[in-house]
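K.L.:
What follows is a structure written as C-alpha cells; I'll ask about it next.
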Amino acid sequence: MDRLSSTFSALADPTRRAILARLALGETSVNDLAAPFDMSLPAVSKHLKVLEGAGLITRGRNAQWRPCKLEAAPLKEAASWIDFYRKFWEASFDRLDAYLERLQSADATPDKPKPAKRKRRKNDRT
C-alpha cells in the first residue's frame, strides 16, 4: 500500500485520530494514551501499530517508559493532496456563484414585452 493510502487508512478510525490529537500536544506514554479509551491496553497497542505502520507515529524506549511521538510528514502529504482538490472545488463554487449571479441579474431585469400572439383563423394549419 502506498504511503498516502496507508495514511488515510490510519486516519479512518476515530480512536486513531484521537490518539494523534493527543500526540500533537507532545510525546507521551502508551498508558497515558490508553487512559481516555474504554478498551484494553492490547487494543490501544493495535491502533498504535497501525499508526506506526503508516509512519504517523514513532515509538521509543527509555527504560520502562515507552514514549510515542507524532510524525507530521505523512499528514503534510495528505494535506497537500487534499489541498489540490480544495482548490478545484473552490474554483467550481466560484463558477457556480458567477452563474447564479447571472441568473439573478437576468431575473431582475424588467421583462421585455412579449410579441403579441397572432389570432388563429379558421383555415390556418395546426
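K.L.:
Output the residues belonging to region 61-70 that are under 17 Å from R17 (Cβ atoms) and either open to solvent by less than 60 Å² (accessible area, probe 1.4 Å) or among the hydrophobic types (A, V, I, L, M, F, W, C) (or both).
P.N.:
Answer for region 61-70, where residues must be under 17 Å from R17 (Cβ atoms) and either open to solvent by less than 60 Å² (accessible area, probe 1.4 Å) or among the hydrophobic types (A, V, I, L, M, F, W, C) (or both): C68, L70.
K.L.:
Only one of D38, D94 is within 16 Å of I19 (Cα to Cα) and either at pLDDT below 95 or among the hydroxyl-bearing types (S, T, Y) (or both); which?
P.N.:
Exactly one of D38, D94 is within 16 Å of I19 (Cα to Cα) and either at pLDDT below 95 or among the hydroxyl-bearing types (S, T, Y) (or both), namely D38.
K.L.:
Are any residues in region 1-60 open to solvent by less than 70 Å² (accessible area, probe 1.4 Å) and of a type in the set (S, T, N, Q), and if so, which ones?
P.N.:
Hits for region 1-60 are S5, S6, T7, S9, T15, T28, S29, S40, S45, T58.
K.L.:
How do the helices (runs of 4 or more DSSP H) wholly within region 14-64 filter down when requiring 1 or more residues that are touching a Phe, Trp or Tyr at 6+ places or on another chain (Cβ under 8 Å): which remain?
P.N.:
14-23, 41-53
K.L.:
Okay, next question. Taking interchain pairs and intrachain pairs at least six residues apart, which have beta carbon atoms under 8 angstrom, with the first residue in region 1-30 and over 13 Å from K49 (Cα atoms) and the second part of a helix (DSSP H, G or I) and of a type in the set (S, T, N, Q)?
P.N.:
Once the first residue is over 13 Å from K49 (Cα atoms) and sits in region 1-30, its partners that are part of a helix (DSSP H, G or I) and of a type in the set (S, T, N, Q) give M1/S9.
The values are calculated or read from the model by the stated rules, or taken from the named source; none is laboratory data. None of these values were measured; they are calculated from a predicted model. We place every Cβ from the backbone using ideal geometry, glycine too, and count neighbours over all the protein chains shown. For accessibility, only protein heavy atoms count, side chains too; no ligands or nucleic acids. Shrake-Rupley method; radii C 1.70, N 1.55, O 1.52, S 1.80 Å.
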